Ligand SMILES: Cc1cc2nc3c(=O)[nH]c(=O)nc-3n(C[C@H](O)[C@H](O)[C@H](O)COP(=O)(O)OP(=O)(O)OC[C@H]3O[C@@H](n4cnc5c(N)ncnc54)[C@H](O)[C@@H]3O)c2cc1C
């Protein structure tokens, strides 16, 4: 893999235009600059941004990149928060915004076949008339793509009951960096051979380019029961989470917001959360109407034993939707308090939630940083949102240090460094906290088989030996564009 020289650039541009048409290739700096960043804090300029419309075009892009030894970086909606879609050595960013068709809703086989650029929520919208839905629903589901979800093995508010993306992918069509296509899995359950679908899901765009996906659909539930449990203490709220899960109750969602998150949402949107509460739990049960009452009452008892101040229930579908809009709107709401936010993503064993959340608050105090805590609490998956202003000298360093300390806490508590946002460029060196050299060597060997030239999304997941001269990455606070500013063609 090598950086694109000016000579090469002209030739590659000509070839890309031949494959995709002039209208589907961007190369001027004012066009490609839009693609230098995702929702992480680093950025880097691509040389080209291309918009394929078919698997065959993706194959030809890959073959061309492989022959010229230039990087390819797949891109969905750019909502990733670990820098996965940032082209740190430039190259060809391949956007899937024009491969966004739902190809089939197959009710008999309870699955959907879709292209990678389909927006997550559109799958459930398309399945709804048949009585089905697609379960994994990240809070970004109104914009993020299924291709990005596959790459990051995304979770969401339903993870506690239904698992994450990997539990819902039946088959994949994948273009290898060589330009060849492989079909992995499919509509039939239990494909023989190695589980390569499992290997590609969560591989963060480093093993292959996903061009078609077969997804499991679930039948829509008959009834929902949604409650907001209000606490005067964050620790009581998190103890309630641990107790609910230890009691063997299985809510479909069990989410936590602390006071800073509640205030952000209320100041921005007014969804009716109590601004003076130290924390709330948003809990939902779903299933057969008659089976709802017992777990609902058990949850109430557990919450009251943990000094819940008040329990409110949503009595209409409209009220329920309002509560969920509030929870899913936290990230946007925080944007009204501070110019930027650094979203952390750690996991802890659920009994450790009270202790770890208390320590996260202390970290905020230590660095004088505002932190709003939201959590897929039923999964032990924390998302401290650290607010900051990248224009203030030294602020970004403080934020990254605080983020690292939070992850250390999670690991020391027996947890891990990411629940759903991936490693990307953010957490490469933290993998060492969890894995031996032999473990990491086994993972890298898989990468080498799929991508022997190392052209697919280079510098992601593993610590990199890329020549620093080839790196164009810079942080959002830095002056100027991301990196070389060399996308001149
Ligand atoms: C407000 C907000 C809320 C969020 N909430 C959640 C949440 O609740 N749960 C959660 O898990 N995440 C959440 N995220 C993170 C993010 O939305 C997910 O990681 C999402 O899956 C990224 O999808 P995307 O289409 O934006 O992908 P991008 O950011 O464009 O790309 C992500 C990765 O996917 C790769 N990729 C994209 N398309 C392909 C393809 N076709 N083939 C191979 N690789 C590909 C890219 O190279 C990159 O490595 C949130 C982010 C934001 C900003």
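Here, each number is a calculation from the coordinates, and none is a lab measurement. This structure is a prediction, so every number in the text was calculated from the model and none was measured. Here the Cβ positions follow ideal geometry from the backbone for every residue, glycine too, while neighbour counts run over all protein chains shown.
Neighbour counting of Cβ atoms within 10 Å sorts the residues 227, 220, fewest neighbours leading, into 220, 227. Sorting 144, 191 by the number of Cβ atoms found within 10 Å of their own Cβ, with the fewest placed first, yields 191, 144.
Let a ≥ b ≥ c be the square roots of the eigenvalues of the Cα gyration tensor of segment 403-477; is it rounded (a/c under 1.5), or, if not, prolate (a/b larger than b/c) or oblate?
oblate
Please give the helix 437-450 orientation as an angle from the longest Cα principal axis of the chain, in degrees from 0 to 90, rounded to the nearest 10. Relative to the chain, helix 437-450 is tipped by roughly 50 degrees.
Maximal additional length on extending the residue 432-residue 130 stretch stands at 104.1 nm, based on 0.36 nm per residue less the C-alpha distance.
In this simple spin-label model, placing a label point 7 Å from the Cα along the Cα-to-Cβ direction at both residue 8 and residue 266 gives a separation of 5.6 nm. Computed over segment 223-412, relative contact order equals 29 percent, with contacts defined as Cα pairs under 8 Å that lie 6+ residues apart.
What is the angle, in °, between the Cα long axis of helix 395-412 and the longest principal axis of the Cα atoms in the chain? Nearest 10 is fine, range 0 to 90. That helix lies at roughly 70 degrees to the long axis.
Specify whether the C-alpha gyration tensor of segment 330-375 places it in the rounded, prolate or oblate class, a ≥ b ≥ c being the square roots of the eigenvalues: rounded for a/c under 1.5, otherwise prolate if a/b is larger than b/c and oblate if not. It is oblate, given that a/c is not under 1.5 and a/b is not larger than b/c. For the chain, what proportion of DSSP beta bridges, expressed in % and rounded to the nearest 5, is antiparallel? About 90 percent, rounded to the nearest 5.
Each residue, residue 31 and residue 104, gets one label point 7 Å from its Cα in the Cβ direction; the gap between the two is 3.5 nm. Within the chain, the proportion of Cα pairs with more than 29 Å between them is 50 percent. Given axes a ≥ b ≥ c from the Cα gyration tensor, I'd like to know whether segment 223-412 is rounded (a/c under 1.5), prolate (a/b larger than b/c) or oblate. The shape class here is prolate.
Taking other Cβ atoms within 10 Å as a rough exposure proxy, 99, 257, 336 sort from fewest to most as 336, 99, 257. Put a dot 7 Å past the Cα of residue 189, heading toward its Cβ, do the same for residue 121, and the two dots end up 3.2 nm apart. Rounded to the nearest 0.05, the FRET efficiency derived from the C-beta distance between residue 401 and residue 97 at R0 = 45 Å is 0.80.
How high is the relative contact order of the chain, in percent, with contacts defined as C-alpha pairs under 8 Å that are six or more residues apart? The partial results should precede the final answer.
Working: 1070 pairs, mean separation 91.0, N = 489.
The normalised contact order for the chain reaches 19 percent.
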